[in-house]
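Colleague: The structure's right below; bear with me while I get my questions together.
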Amino acid sequence: MATFVAVPYQLYSLTGSALQVGLLSICDAVPLLAFAAFGGTIADRFDRRRVVLWTDIGLMAVVALLAVNAFAGSPQVWALYVLAFVATSFWSLGAPALRAMMPGLVPDDQLAASQVLVSIYGTSAAIVGPALGGALIAAVGVGWAYVIDAASFSASLVAVLLVAPAPPKAEVARETLESLREGWRFLVGQPVILGTFVLDTNAMVFGMPQALFPAIAAHHFDAGARVVGLLYAAPSAGALLAALTSGWIGHVRRQGVAVALAIVVWGTAIAIFGFATALWTALAMLAIAGCADEISAILRSTMLFASTPDHFRGRMQGFELTQVASTPALGNVEAGIVASLTSLRFSVVSGGIACAAGALAILALVPDLVRYDSRRRQVSDTGTRV
């Protein structure tokens, strides 16, 4: 996350172009969409610890090359694009293996709690990491920020080496495309997992108006960059609060219903945010939306792991990462199109209402989500429900 700030900062310093910084997003989006699913097949076919180790080494090397470029007499702009693409590619290939390893490290009754811990460190990193990156750049410069980040990978490499090997537990198709097809057939045959994917897609497409935040700050609150930053930060603050107070989630039995209700809360909060004329109301609603989204995410991850045998977990994580990477972008496009045809307020409010109504409709159309009971629905590593 520190480098996530350093790269666009350096790019803007070199070019002075907001457009070129914006194009950097392509270097993140393309590898996520192209490689996350393939990363899932790798996670199911090889020792997951080894996959995580090598992708971590790859990420460390990329950050080291960013430092070399930064200290060069004339840093190259093209190198920032190439290295950003390569870094996201390594992450996309390794993240499914890392996520699929985690259920094997805890007993089944601690699965929900482990997902809460994952949520806490992920949300904390999203808040603290960029701030730390900015502080490092201000204190020692962008080059040394890269050096410090590269050195920090030594801690993660030691951590990975301390984890037991995680070889495949069942036979998986060796040919990549066949392995993907095998994973897709499993996903389509699991209405609970597929239902959670559809629920989240509905929430992201209709209830994700982040692209409108700069315009909302200007037109609804007559404010600039400071308020835009607060609007972006509010959902993360709510998500962190949800993660820190989510011990109760492990006791929820009807998790499919709980996911849908959390998305209803998300959509309702977004709709009220669209009507807000006071900044504090807007921030409070975004924080509530972020809180609800985090609860939904923890429950969905718990259901995904509990319903998936170990030899499919890598591919399911790959499919989930692809979905998570693509749907927020679709949501921002939807919000922008509706706003351009109608108004900012109509776009946000209608999206929130559609999000909440869609969650209830999906719940009605997928009865397996209603019937899902976390105490009865577990899947062994062979795929047998127990």
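The values are calculated or read from the model by the stated rules, or taken from the named source; none is laboratory data. Here the structure is a predicted model, which is why all the values come from computation and not from measurement. In this analysis, Cβ positions are derived from the backbone assuming ideal geometry, glycine residues included, and neighbour counts consider all displayed protein chains. Note: accessible area is taken over every heavy atom of the protein model, side chains too, but ligands, DNA and RNA are not part of it. Shrake-Rupley method; radii C 1.70, N 1.55, O 1.52, S 1.80 Å.
Colleague: Thr308 is checked against (1) assigned to a helix (DSSP H, G or I); (2) of a type outside the set (Lys, Arg); (3) buried (at least 16 other Cβ atoms within 10 Å of the Cβ) and fails just one. What number does that condition carry?
Modeller: (1)
Colleague: Something else about it: Quick check on Trp266: is it touching a residue at least 24 places away in the same chain (Cβ under 8 Å) and hydrophobic (A, V, I, L, M, F, W, C)?
Modeller: Yes: the conditions hold for Trp266.
Per-residue answers, yes or no, for (1) crowded, with 21+ Cβ neighbours inside 10 Å; (2) of a type outside the set (D, E, K, R); (3) at pLDDT 95 or above:
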| site | (1), (2), (3) |
| --- | --- |
| Gln210 | no, yes, no |
| Ala217 | yes, yes, no |
| Phe221 | no, yes, no |
| Pro235 | yes, yes, no |
| Ala269 | yes, yes, yes |
| Cys291 | yes, yes, no |
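Colleague: Now a separate question. Looking at Ala34, Ala43 in this structure, which one is open to solvent by 20 Å² or more (accessible area, probe 1.4 Å), among the hydrophobic types (A, V, I, L, M, F, W, C) and part of a helix (DSSP H, G or I)?
Modeller: Ala34
Colleague: I'd like the full set of residues that are hydroxyl-bearing (Ser, Thr, Tyr) and at pLDDT 80 or above, limited to region 168-208.
Modeller: Correct list: Ser179, Thr196, Thr201.
Colleague: Quick test of your reading of the structure: Ala361 fulfils all but one of (1) of a type outside the set (D, E, K, R); (2) assigned to a helix (DSSP H, G or I); (3) open to solvent by less than 20 Å² (accessible area, probe 1.4 Å). Name the failing condition by number.
Modeller: Only one criterion is unmet by Ala361, namely (3).
Colleague: Take region 157-195 and flag every residue that is part of a loop (DSSP other than H, G, I, E, B) and loosely packed, with under 14 Cβ neighbours inside 10 Å.
Modeller: Once the filter is applied, which keeps residues that are part of a loop (DSSP other than H, G, I, E, B) and loosely packed, with under 14 Cβ neighbours inside 10 Å, region 157-195 yields Ala164, Pro165, Pro167, Ala170, Glu171, Arg174, Glu175, Gly189.
Colleague: While we're looking at this one, here's another question. Name the pairs: first residue in region 208-236 and farther than 24 Å from Ala354 by Cα, second residue in a helix (DSSP H, G or I) and of a type in the set (Phe, Trp, Tyr), Cβ to Cβ under 7 Å, at least 6 apart or on different chains?
Modeller: If the second residue must be in a helix (DSSP H, G or I) and of a type in the set (Phe, Trp, Tyr), the pairs left are Val228/Phe213.
Colleague: Filtering region 364-384 down to residues that are part of a loop (DSSP other than H, G, I, E, B) and at pLDDT 90 or above, which residue is nearest to Ala112 (Cα to Cα)?
Modeller: Looking at residues that are part of a loop (DSSP other than H, G, I, E, B) and at pLDDT 90 or above, I get Tyr372.
Colleague: Pick out the one residue from Thr281, Thr277 that is hydroxyl-bearing (Ser, Thr, Tyr) and either in a loop (DSSP other than H, G, I, E, B) or surrounded by 23 or more Cβ atoms within 10 Å (Cβ to Cβ) (or both).
Modeller: Among Thr281, Thr277, only Thr277 is hydroxyl-bearing (Ser, Thr, Tyr) and either in a loop (DSSP other than H, G, I, E, B) or surrounded by 23 or more Cβ atoms within 10 Å (Cβ to Cβ) (or both).
Colleague: Also, I was wondering about something else. May I ask you to list pairs of residues, at least six apart or on different chains, whose Cβ atoms are under 7 Å apart, with the first in region 7-28 being within 22 Å of Ala145 (Cα to Cα) and the second being open to solvent by 70 Å² or more (accessible area, probe 1.4 Å)?
Modeller: Val21/Tyr12; Cys27/Phe85
Colleague: All but one of (1) in contact with a helix residue (DSSP H, G or I) (Cβ under 8 Å, 6 or more places away or on another chain); (2) touching a residue at least 12 places away in the same chain (Cβ under 8 Å); (3) more than 21 Å from Gly39 (Cα to Cα) hold for Thr302, so report the exception by its number.
Modeller: Condition not satisfied by Thr302: (3).
Colleague: Restricting attention to region 240-250, does a residue exist that is outside any helix (DSSP H, G or I), touching a residue at least 60 places away in the same chain (Cβ under 8 Å), open to solvent by less than 10 Å² (accessible area, probe 1.4 Å) and farther than 21 Å from Ala354 by Cβ?
Modeller: yes
Colleague: Anything in region 337-357 that is out of contact with any Phe, Trp or Tyr (no Cβ under 6 Å at 6 or more places or on another chain) and open to solvent by less than 30 Å² (accessible area, probe 1.4 Å)? List them, or say none.
Modeller: Ala339, Ser347, Val348, Val349, Gly352, Ala356, listed by residue number.
Colleague: Out of region 92-126, which residues are surrounded by 22 or more Cβ atoms within 10 Å (Cβ to Cβ) and free of Cβ contacts under 8 Å to residues at least 40 places away in the same chain?
Modeller: Listed by number, the list is empty, since nothing qualifies.
Colleague: While we're on this one: What tally of residues in region 1-25 results from selecting those that are modelled with pLDDT under 80, exposed (fewer than 15 other Cβ atoms within 10 Å of the Cβ) and assigned to a helix (DSSP H, G or I)?
Modeller: Residues meeting the conditions: 5.
Colleague: Also: For residues in region 71-82 being surrounded by fewer than 22 Cβ atoms within 10 Å (Cβ to Cβ) and touching a residue at least 60 places away in the same chain (Cβ under 8 Å), which is nearest to Ala325 (Cα to Cα)?
Modeller: Val77
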